[in-house]
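*Asks:* Structure incoming, see below.
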Amino acid sequence: MNTRILKPDAAALDEAAARIRAGELVGIPTETVYGLGADALNPDAVRAVFEAKGRPGDNPLIVHIARIERLAPLISAEPSPQACRLMETCWPGPLTLIFPKSDLVPLRTTGGLDTVAVRMPAHPVARELIERSGRPIAAPSGNRSGRPSPTSAQHMFEDMSGRIPLILDGGPCGVGVESTVLDVTGPVPRVLRPGGVSPERVAEICGACEVDDAVLRPLGENERPRSPGMKYRHYAPEGELTIFRGDSEAVARAIRAAYDRAEAEDSEPLILALEENLPRYGARRVRSLGTGAAQAAQRIFAMLREADALGAKRIFSEAVDAEGIGLAVMNRLGRAAAFHIVDVGEAARL
Ligand code: AMP
Ligand code: MG
C-alpha cells in the first residue's frame, strides 16, 4: 500500500472521512500527538488499528468526539458533576475521561473493558475529520507499538508507511505528549496517565486529584494496572536511555562522566539537556529539550527518534521537574528508560 501525506484541504478531508466511514485507517494530527484514526464503532476497523500498530489487544483505544452531544450514546451512566465540570473547562483539549461504556462501543475498542475512554480534541483538522465522517474516531498514537509517539506527519510516515493509505499533515503537534487519562468513575478523579492537563489543574477544577502511583515507577511483576497501557514497554528508542536527576551542576558532572565512558566504548552517546544547561556539556554531542517542561513535552518524542536516527547506543538525559506537564514528560522519559533513573547530588523531588 502506498501511503500518501496530504495537506488537510477540503478534498483531503473528504477523502479521509470517506475512508473512515469505509472502515479504513487514516493518520490524523491532534494537539497531543498524531493519531491512527478509525471508526470507533466498527470492530473490523478497530482490529485493523491493533494490527497496524502491532498493539496488544487488551490495550484500549481512546474514542474521539467533536461535539458534546456525541458522548451520551457512548456511555451507560450520566457523567458525574465533576466529570461535567472537567468537560466544560478542559474540552476541547488534552484530557481523556473514563466512563462506563454503552453497548454501542465494541469490546474490541475498549480492550475488553466495560469502560470507555473519551476525548474531545482541540485540533481543527481532527475536529473537522470527526465531523465530516459522522463517526466517533478511535485514535491511538500513530506509532508502531513500543516506539516513541509521532509528533509530525513525517514521524507517523516512518512507522506507518505501507500500512495505511493516508496521513493528514497538520504540522507539528502543539502539546507533544498524549492526553491525560483521568478515571472519573470514583469519588476523587485519578490520573491513570499524565498528559497535557496537569493533576494540579484537575485539582483546581474538582477540589482534589489523585495520581496513580504507577505513573513514575515500573509495575511489579504480578501487579494489575488500572490503565492497561501502563504495563507495556513504551516510547523507547533503540539506544539505552538513562535519566539523571538532582542538582543541575551535579547532574551535568555525572552525565559528562557517563558520556565520556560511553564514548571510550564506542557507544556513540547522545545527551538530552535543557537549553540553559547546554554550555555545561562543551563539545559533546547534545540535543536541547528546550527551556522548560512545556517545550520538553513538545520535543521529547522527536528527540528520542533523533537519537535513533543518529545511531546513539547510549542516551543520557537530564530529568525535568515532575510538576505540571513535567509529570507527563518524566512519565514518558521514565518508561522510555525502563525507569533507569540515577539520583545524583542533592536528589530532586520526584
Ligand atoms: P494511546 O491510544 O496510545 O494514547 O493509549 C491510550 C491509553 O489510554 C491506553 O494505553 C490505556 O492505558 C488508556 N485507556 C484507554 N481506555 C481506557 C480505559 N477504559 N480504562 C483505563 N485506561 C484506558
Ligand atoms: Mg500510544
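The values are calculated or read from the model by the stated rules, or taken from the named source; none is laboratory data. All values reported here derive from a predicted model rather than from experimental measurement. Here the Cβ positions follow ideal geometry from the backbone for every residue, glycine too, while neighbour counts run over all protein chains shown.
*Asks:* Please specify each residue of region 298-334 satisfying the condition of being of a type in the set (D, E) and not in a loop (DSSP other than H, G, I, E, B).
*Replies:* E306, D308, E318
*Asks:* Read through the list (1) surrounded by 19 or more Cβ atoms within 10 Å (Cβ to Cβ); (2) in a helix (DSSP H, G or I), then give the number of the only condition that Q295 fails.
*Replies:* For Q295, the failing item is (1).
*Asks:* W91 passes all but one of (1) within 14 Å of ligand 1 (Cβ to nearest atom); (2) hydrophobic (A, V, I, L, M, F, W, C); (3) free of Cβ contacts under 8 Å to residues at least 40 places away in the same chain; (4) within 22 Å of E31 (Cα to Cα); which number fails?
*Replies:* The single condition W91 does not satisfy is (1).
*Asks:* Let me ask something else about it. Just the residues that are in contact with a Phe, Trp or Tyr (Cβ under 7 Å, 6 or more places away or on another chain) and either near ligand 1 (Cβ under 8 Å from one of its atoms) or closer than 13 Å to N59 by Cβ (or both), please, taken from region 96-119.
*Replies:* T115, V116
*Asks:* Moving to a separate point now. Just a yes or no: is a residue in region 224-242 within 21 Å of A297 (Cα to Cα) and in a helix (DSSP H, G or I)?
*Replies:* The answer is yes, given that some residue of region 224-242 is within 21 Å of A297 (Cα to Cα) and in a helix (DSSP H, G or I).
*Asks:* For region 136-168, what are the residues that are of a type in the set (D, E) and either within 15 Å of ligand 1 (Cβ to nearest atom) or crowded, with 20+ Cβ neighbours inside 10 Å (or both)?
*Replies:* D159
*Asks:* Of the conditions (1) at pLDDT 95 or above; (2) among the acidic types (D, E); (3) under 27 Å from S80 (Cβ atoms), D213 satisfies every one except a single condition; which number is it?
*Replies:* So the condition that D213 fails would be (1).
*Asks:* Moving to a separate point now. Out of region 19-43, which residues are in contact with a strand residue (DSSP E or B) (Cβ under 9 Å, 6 or more places away or on another chain) and among the acidic types (D, E)?
*Replies:* Residues satisfying the conditions are E24, D39.
*Asks:* Now for a different question. What are the residues in region 97-109 that are touching a residue at least 60 places away in the same chain (Cβ under 8 Å) and either in a loop (DSSP other than H, G, I, E, B) or touching a helix residue (DSSP H, G or I) at 6+ places or on another chain (Cβ under 8 Å) (or both), if any?
*Replies:* Across region 97-109, the qualifying residues are L97, F99, L104, V105, P106, R108, T109.
*Asks:* On to the next question. So for region 68-77 (the condition being over 21 Å from E131 (Cα atoms), touching a strand residue (DSSP E or B) at 6+ places or on another chain (Cβ under 9 Å) and more than 10 Å from ligand 1 (Cβ to nearest atom)), does at least one residue qualify?
*Replies:* Yes, region 68-77 contains a residue that is over 21 Å from E131 (Cα atoms), touching a strand residue (DSSP E or B) at 6+ places or on another chain (Cβ under 9 Å) and more than 10 Å from ligand 1 (Cβ to nearest atom).
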